[in-house]
1. Could you tell me whether any residue of the stretch 412-423 is under 20 Å from P192 (Cβ atoms), among the charged types (D, E, K, R) and open to solvent by 20 Å² or more (accessible area, probe 1.4 Å)?
2. Cβ-Cβ distance below 9 Å, separation of 6 or more or different chains: which pairs start in the stretch 152-165 with a residue that is of a type in the set (V, I, T) and end on one that is open to solvent by 30 Å² or more (accessible area, probe 1.4 Å) and at pLDDT 75 or above?
3. Any residue in the stretch 90-116 that is farther than 16 Å from H152 by Cβ sitting within a Cβ distance under 6 Å of a residue that is assigned to a helix (DSSP H, G or I) and among the polar types (S, T, N, Q)? List the pairs, counting only those 6 or more apart or interchain.
4. Pick out the one residue from L141, L132, L119, L149 that is at negative phi and touching a His at 6+ places or on another chain (Cβ under 8 Å).
5. Being of a type in the set (S, T, N, Q) and open to solvent by 30 Å² or more (accessible area, probe 1.4 Å) is the filter here, so list the residues in the stretch 362-402 that pass it.
6. Being assigned to a helix (DSSP H, G or I) and within 30 Å of V385 (Cβ to Cβ), is that true of even one residue in the stretch 39-61?
7. Any residue in the stretch 393-417 that is farther than 21 Å from H212 by Cα and outside any loop (DSSP other than H, G, I, E, B) sitting within a Cβ distance under 6 Å of a residue that is at pLDDT 95 or above and open to solvent by less than 30 Å² (accessible area, probe 1.4 Å)? List the pairs, counting only those 6 or more apart or interchain.
Amino acid sequence: KDMLQNMAHLLELVDRESSRAMDTLNFTASPAVEEITRQIVSAVAYPDSTLHQLITEQVAKTPNHIALIDGANQLNFQALEERAHQLAKALYGKFGEQRVVAIAMERSSEMVQAMVAVLKTGAAYLLIDPELPAERNQYMLRNSGVKVLLFHHRTAKAANGLAPDGVDSLAIENLSETNGHFSLKIPTGDDPAYMIYTSGSSGQPKGVEISHRAIVNHMLWMKEQFQWQEGEVFIQKTPVIFDASVWEFFLPLITGFPMVLSQSGAKVDTNVLLEELKKHEVTVLQGTPTLLDFLTKSPAFKSLNRLRRVFAGGEALHRPLGSLLATQYALEVINLYGPTECTIDATWHRYDPMEGFDIVPIGKPIANMRPHILNTTGLPMPIGVPGELCFSGAGIANGYVNQPALTASSFLKYPQSEDQRLYRTGDLAKLDRHGVLHYLGRIDQQLKIRGVRIEAGEIENAIQACDEVSQVVVVLNKSNILVAYFVAADDIAEEALRIKVSERLPEFVVPARFIQLDE
């Protein structure tokens, strides 16, 4: 049926415009494409609010509910609000109005307070992992235009000397509240709420600027889409340099439920994580399929009696794992998909064990997001035909920080609407006749490992910056392991090269193998 509809529409176009090339014929008018797209797009009128306003509104509803569980310490919503407000007054009193403020702290209640405080001043926050290479962190601070870097005593050693010239570095313990005026202009929906850096093909990470409108749209969709029940407990365990961490921070704060700040560390110690899930009776867990599969192999996973909902994302979810979680453990399994530039998630799919797909679909768009499957000339593909997956809608990022050319090439004007933009994901996908999207892989040279999109060019540039190396190629082998093949004038020990590269790149993108070649 789909093929006949597509063929009939194509023949009509050929008859009318017989002199044009096939790939320039517009399938937009196809009844099948138009009707299915209309059915899956949901327009929801969310309040014109900011992220921190949503938190303040929830504080008024549940002031005495536990907001944060940080090891042995707990903080209720009212205390969090008061401390964040005091910190915001002190921050504004000392530094005045800022566009973006960097925070270099490990996962802690102080970090959450600082994030909310920065938002209250009208600025966007940029989270810096003190354990990343200093060179990379300094680039992000320079590129983002940060003038203020906050840290606390536990990260003082790593943060000391991190700030480039022109950036004030200060421990939050040394910020004292002022009695001065504190009445700032509330940010608009277009103003940035946070910046987050991802791998870049130029050899440097690229900063993505997310607006309040975009993150509020995602948060309110999550709040309203799923039936949150009394007694929910969330856990924040995703490292802060990944955008999946964002909703782990803010969804509990706008729904009034406790957030356990995992002590498992930046690399996520799974034994510690499993202990925390059981001890705090966590009900909601997010993870890549790789992590979830690893957790299910531990006998301790069977004892998580309170866990009821699992969000999978970052990489393809295969049927065996989905079926295991849904049937053996009776968990609700939600498959999420979305690049950072679409504000965490753009689509979702509730797994059904009766489905026959080997790879679980990425599903349908979240509220106020619209998918587009396009060919190489930017025209829509018919139902069931693969093309580049693009998105328009409320969740599209403002663009890349101080990179107008890259922004222009990735965020395109939407032909049917002057005030909308399309983001090109670089992912290959297709739309089936039921309005369900299926992820099929990448259309470019970008790699994906453990749920993280990686530009091979960034790794290659870092390796070639080593004096001895003249040529290098980085590939992802069949075992999903990064391997660097390189040419050098003299023999180089693999471990020596790894150490040099680790000074420039985060650990998760340092190749597992370095293999020297003659040519």
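The values are calculated or read from the model by the stated rules, or taken from the named source; none is laboratory data. Nothing here was measured: the structure is a model prediction, and the numbers come from that model. All Cβ positions, even for glycine, are placed from backbone atoms using ideal geometry, and neighbour counts span all protein chains on display. SASA here: full protein model, heavy atoms, side chains in, ligands and nucleic acids out. Shrake-Rupley method; radii C 1.70, N 1.55, O 1.52, S 1.80 Å.
1. Checked the stretch 412-423: at least one residue is under 20 Å from P192 (Cβ atoms), among the charged types (D, E, K, R) and open to solvent by 20 Å² or more (accessible area, probe 1.4 Å).
2. Listed by first residue and then by second, the contacts come to T155/E106.
3. Final answer for the pair search is V100/S144.
4. The unique qualifying residue is L119.
5. N368, N375, T376, T377, N398, N402
6. The answer is yes; a qualifying residue exists.
7. L406/Y400
Yes or no, residue by residue, for (1) outside any helix (DSSP H, G or I); (2) β-branched (V, I, T); (3) at pLDDT below 90; (4) closer than 24 Å to I55 by Cα:
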| site | (1), (2), (3), (4) |
| --- | --- |
| Q78 | no, no, no, yes |
| Q86 | no, no, no, yes |
| Q98 | yes, no, no, yes |
| A114 | no, no, no, yes |
| R142 | no, no, no, no |
| L150 | yes, no, no, yes |
| K157 | no, no, yes, no |
| D165 | yes, no, yes, no |
| S169 | yes, no, yes, no |
